[in-house]
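Visitor: My questions all concern the structure below.
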Amino acid sequence: MKKKPMRSCIVTLEKLEKKDLIRVVKNKDGEVFIDLSGKANGRGAYLKKDIDVIKKCRKNKILDRKLEIDIPDSIYEELDLMVK
């Protein structure tokens, strides 16, 4: 049996399978985007697919700190749509 890749949510710190998480990436040009493939180059951070987690992340600027960049509102809006 193949081992499933586990990653930690940056908000809840739970270990979850990659399929239960959304990856947000900052590439070397400083662009931030949602990585649907899970394979894009750059610094990635994982968020649980849960509207409360997304709200908490936005309110406390957790993603901003993890990726060391200001996260545009459009990223959070896109995340909101993905988990609803």
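The values are calculated or read from the model by the stated rules, or taken from the named source; none is laboratory data. Note that the structure is a prediction, hence the values are computed from the model and not measured. Methodologically, a virtual Cβ is constructed for each residue, glycine included, from the backbone with ideal geometry; neighbour enumeration extends over all protein chains shown. Side chains are part of the model used for accessible areas, which takes the heavy atoms of the whole protein and leaves out ligands, DNA and RNA. Shrake-Rupley method; radii C 1.70, N 1.55, O 1.52, S 1.80 Å.
Visitor: Can you run down the residue pairs with Cβ atoms below 6 Å, 6 or more apart or on separate chains, where the first is in the stretch 30-47 and at positive phi and free of Cβ contacts under 8 Å to residues at least 60 places away in the same chain and the partner is surrounded by 15 or more Cβ atoms within 10 Å (Cβ to Cβ) and hydrophobic (A, V, I, L, M, F, W, C)?
Guide: Gly42/Val25
Visitor: For residues that are in a loop (DSSP other than H, G, I, E, B) and not hydroxyl-bearing (Ser, Thr, Tyr), tally how many sit in the stretch 19-73. Lay out the reasoning, then the answer.
Guide: Initial filter on the stretch 19-73 (in a loop (DSSP other than H, G, I, E, B)): 27-31, 36-42, 49-50, 60-61, 68-72.
Filter once more, keeping what is not hydroxyl-bearing (Ser, Thr, Tyr): 27-31, 36, 38-42, 49-50, 60-61, 68-72.
Qualifying residue count for the region: 20.
Visitor: With respect to the numbered conditions (1) modelled with pLDDT of 95 or more; (2) open to solvent by 100 Å² or more (accessible area, probe 1.4 Å), which one is the sole condition not fulfilled by Leu16?
Guide: Of everything listed in (1) modelled with pLDDT of 95 or more; (2) open to solvent by 100 Å² or more (accessible area, probe 1.4 Å), Leu16 misses just condition (2).
Visitor: What are the pairs with Cβ atoms under 8 angstrom where one residue, in the stretch 52-80, is within 20 Å of Lys28 (Cα to Cα) and the other, located anywhere, is in a loop (DSSP other than H, G, I, E, B) and among the small types (Gly, Ala, Ser)? Sequence gap at least six, or different chains.
Guide: Taking only residues 6 or more apart or on different chains, the pairs are Ile69/Gly30.
Visitor: Take Met6 and tell me if it is open to solvent by 70 Å² or more (accessible area, probe 1.4 Å), without any contact (Cβ under 8 Å) to a residue 12 or more places away in the chain and of a type in the set (A, V, I, L, M). Quick ask: steps written out before the conclusion?
Guide: Values: open to solvent by 70 Å² or more (accessible area, probe 1.4 Å): yes; without any contact (Cβ under 8 Å) to a residue 12 or more places away in the chain: no; of a type in the set (A, V, I, L, M): yes.
So Met6 fails the test.
Visitor: Can I ask one more? Just the residues that are farther than 24 Å from Asp73 by Cβ and basic (Lys, Arg), please, taken from the stretch 1-57. Walk me through how you get there before you give the answer.
Guide: Narrowing the stretch 1-57 to residues farther than 24 Å from Asp73 by Cβ: 1-8, 13-20, 39, 41.
Within the stretch 1-57, Lys2, Lys3, Lys4, Arg7, Lys15, Lys18, Lys19, Lys39 qualify.
Visitor: While we're on this one: Considering the stretch 20-34 alone, what residues qualify as being over 19 Å from Lys55 (Cα atoms) and surrounded by 10 or more Cβ atoms within 10 Å (Cβ to Cβ)? Before you say what the answer is, go through the steps one by one.
Guide: As a first pass, look at the stretch 20-34 and keep what is over 19 Å from Lys55 (Cα atoms): 26-31.
Of everything in the stretch 20-34, those that are over 19 Å from Lys55 (Cα atoms) and surrounded by 10 or more Cβ atoms within 10 Å (Cβ to Cβ) turn out to be Lys26, Asn27, Gly30, Glu31.
Visitor: Any idea how many residues of the stretch 35-56 are surrounded by 14 or more Cβ atoms within 10 Å (Cβ to Cβ) and β-branched (Val, Ile, Thr)?
Guide: Residues meeting the conditions: 2.
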